[in-house]
Amino acid sequence: MAASGTTGTTDQQIPVRVFGGPTALFEYGGLRFLTDPTFDAPGDYPAPAGPALTKTAPAAGSPDDLGPVDVVLLSHDEHPDNLDTSGRALLAGIPLTLTTPGGGRRLRESLGTKVKGLGDWESVELERPGGGQVTVTGVPAVHGPGRREDVEPIAGEVVGFVLTGDGLPTVYVSGDNASLGAVEETAARFGPVDTAVLFAGAPRFPVLFDGAPIVLDSAQAAEATRILGARRVVPVHFDSWAHFTEGRDELVSAFAAAGLADRLRLA
């Protein structure tokens, strides 16, 4: 693989399979990573706090279709559109789940040492098959508009991830982030990135933050791409749930308007 910062056929370097909602599977450095596993059937799902969520479409596959997974990158564990019943069951058979510090504490009872919470800029080193390491670093994310300290008591704690390694391109997984400021902080340390898995969809609830998006909208996703210098963007978290207010068409239009249509990769 080409090193980070080089050009190349990145589609072949980091294959990404999108299952719908926030769930995607990709291989990096010989390890297989899964984001926010959600495989439950369509229907209404209660959230621990706030309004119930309605899933409108099934996942494009089942847990049986995944094959071996080495690491789950879980942006947060508190909302059923990011970790559902099937996803929780799946975690028990996966060697490592990386998530928020609070999620690490909550999941430790069921997962023990197979879960670790990452604070901002905290890293773990993972051994690659055949030698070498992949570094996964937790990066800032804010699950709503405004200051983190104001948002987290309402919407909860979220984490993003950056993956790096010798001879490997840089990969960014945003998690349920609505803050371009958090993207700028990440870009300052790790940019430019080769592949960005951006959670989008502009989810909104009238009772939260005056209906403002609690994850990036399509125009913000395009701006995040520019900030990161991302060569390729794989959007997730824009379909299969009723509270997502922007989908494929809005993403295509926003990236075209920003002159970044060539960066967008939709399944």
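The values are calculated or read from the model by the stated rules, or taken from the named source; none is laboratory data. Quick caveat, the model's predicted, so the values are computed rather than measured. Cβ atoms come from the backbone with ideal geometry, glycine included; neighbour counts cover every protein chain shown.
Within the stretch 12-58, which residues are of a type in the set (S, T, N, Q) and either part of a strand (DSSP E or B) or modelled with pLDDT of 95 or more (or both)?
From the stretch 12-58, those of a type in the set (S, T, N, Q) are 12-13, 23, 35, 38, 54, 56; that's our starting set.
Matches in the stretch 12-58: 23, 35, 38, 54, 56.
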(request) Hey, can you tell me all the residues within the stretch 20-63 that are more than 24 Å from residue 93 (Cβ to Cβ) and buried (at least 19 other Cβ atoms within 10 Å of the Cβ)? (result) 53
(request) Filter the stretch 203-235 down to residues that are of a type in the set (Val, Ile, Thr) and assigned to a strand (DSSP E or B), then give me how many there are. (result) 2
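How many residues does the stretch 165-181 contain that are charged (D, E, K, R) and more than 21 Å from residue 244 (Cβ to Cβ)?
Total meeting the criteria: 1.
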(message) Quick test for you: out of 156, 160, 165, 211, pick the one residue that is crowded, with 20+ Cβ neighbours inside 10 Å, within 30 Å of residue 258 (Cα to Cα) and either more than 15 Å from the chain's Cα centre (by Cα) or modelled with pLDDT of 95 or more (or both).
(response) 160
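Residue by residue, here is whether (1) touching a helix residue (DSSP H, G or I) at 6+ places or on another chain (Cβ under 8 Å); (2) surrounded by fewer than 22 Cβ atoms within 10 Å (Cβ to Cβ); (3) part of a loop (DSSP other than H, G, I, E, B); (4) free of Cβ contacts under 8 Å to residues at least 60 places away in the same chain holds:
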site: 82; (1), (2), (3), (4): no, no, yes, no
site: 86; (1), (2), (3), (4): yes, yes, no, yes
site: 94; (1), (2), (3), (4): yes, yes, yes, no
site: 98; (1), (2), (3), (4): no, no, no, no
site: 110; (1), (2), (3), (4): yes, yes, no, yes
site: 116; (1), (2), (3), (4): yes, yes, no, yes
site: 121; (1), (2), (3), (4): yes, yes, yes, no
